[in-house]
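Engineer: Please read through the structure below; I'll follow up with questions.
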Amino acid sequence: MVKDHLKEPFQLVLKEYLDVCPRGRHAHTFFELIYIVSGTGVQSINELQMPYREGDLFLVPPNDNHLFTIHTTTQFFFIRFNTAYIQNTRKDDELLQHLEIVLQNSRNEPESILNNEPDRLFVGSLMERIIREHLANQLYSKELIKQLVNTLLVIVARNSAPITPFYLLAAL
């Protein structure tokens with residue numbers, strides 16, 4: 001099995017429309033957020049399978065193997081980052097420290113990590129903006145992309161955090 005490495009703390013990759021997953025089953029030494037721009041199929045992480053559709057967002061932690069079986073032509077957007085990216089972003093920000101813990105302990109099943117429709121809609125708009133900035137590569141695009149990705153990572157943390165039942169919150 002192929003294992004990919006990231007030479008920089010952060011990388012964006014927009015794949016052209018695909019009918020077949022060119023990589024086959026593989027793993028990497030970094031975190032990978034995979035956004036489904038369009039298309040349908042099945043995402044497999046560590047032999048667990050789940051259908052995917054436009055607007056889904058997956059988190060693949062380091063060393064997990066994964067594969068896409070494409071049913072309809074799919075466009076993927078990959079945001080790849082390592083722990084150095086998170087640590088260097090803002091060391092004093094408590095929320096990003098919490099995010100680092102969530103990511104380090106993540107062993108996600110292959111389902112989309114977006115748990116609610118408002119976040120799904122927000123992430124769709126956010127990803128569209130990130131992709132446009134990435135393709136335009138204008139003055140300050142890199143700085144804007146970094147801020148947008150940080151916003152995305154906060155949404156990932158919120159959707160990855162355990163939910164406290166309402167009756168427990170009422171007791172506080």
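The values are calculated or read from the model by the stated rules, or taken from the named source; none is laboratory data. The shown structure was predicted, so the numbers you read here are calculated from the model rather than taken from an experiment. FYI the Cβ positions are ideal-geometry reconstructions off the backbone, even for glycines, and counts take in every protein chain you see. Areas reflect the complete protein model, heavy atoms only, side chains present, ligands, DNA and RNA absent. Shrake-Rupley method; radii C 1.70, N 1.55, O 1.52, S 1.80 Å.
Engineer: Just one of L169, L121, L144 is farther than 23 Å from K3 by Cα, modelled with pLDDT under 65, open to solvent by 40 Å² or more (accessible area, probe 1.4 Å) and of a type outside the set (D, E, K, R); which is it?
Structural biologist: Only one candidate passes the filter, namely L169.
Engineer: Right, another one. List every residue pair whose Cβ atoms sit under 7 Å apart, with the two residues 6 or more apart in sequence or on different chains, where the first one lies in region 10-24 and is closer than 27 Å to N88 by Cα and the second, anywhere, is open to solvent by 50 Å² or more (accessible area, probe 1.4 Å).
Structural biologist: So the pair list comes out as L12/H134; L14/H134.
Engineer: Can you find even one residue in region 47-55 that is over 28 Å from V154 (Cβ atoms), in contact (Cβ under 8 Å) with a residue 60 or more places away in the chain, in contact with a strand residue (DSSP E or B) (Cβ under 8 Å, 6 or more places away or on another chain) and not charged (D, E, K, R)?
Structural biologist: Yes, region 47-55 contains a residue that is over 28 Å from V154 (Cβ atoms), in contact (Cβ under 8 Å) with a residue 60 or more places away in the chain, in contact with a strand residue (DSSP E or B) (Cβ under 8 Å, 6 or more places away or on another chain) and not charged (D, E, K, R).
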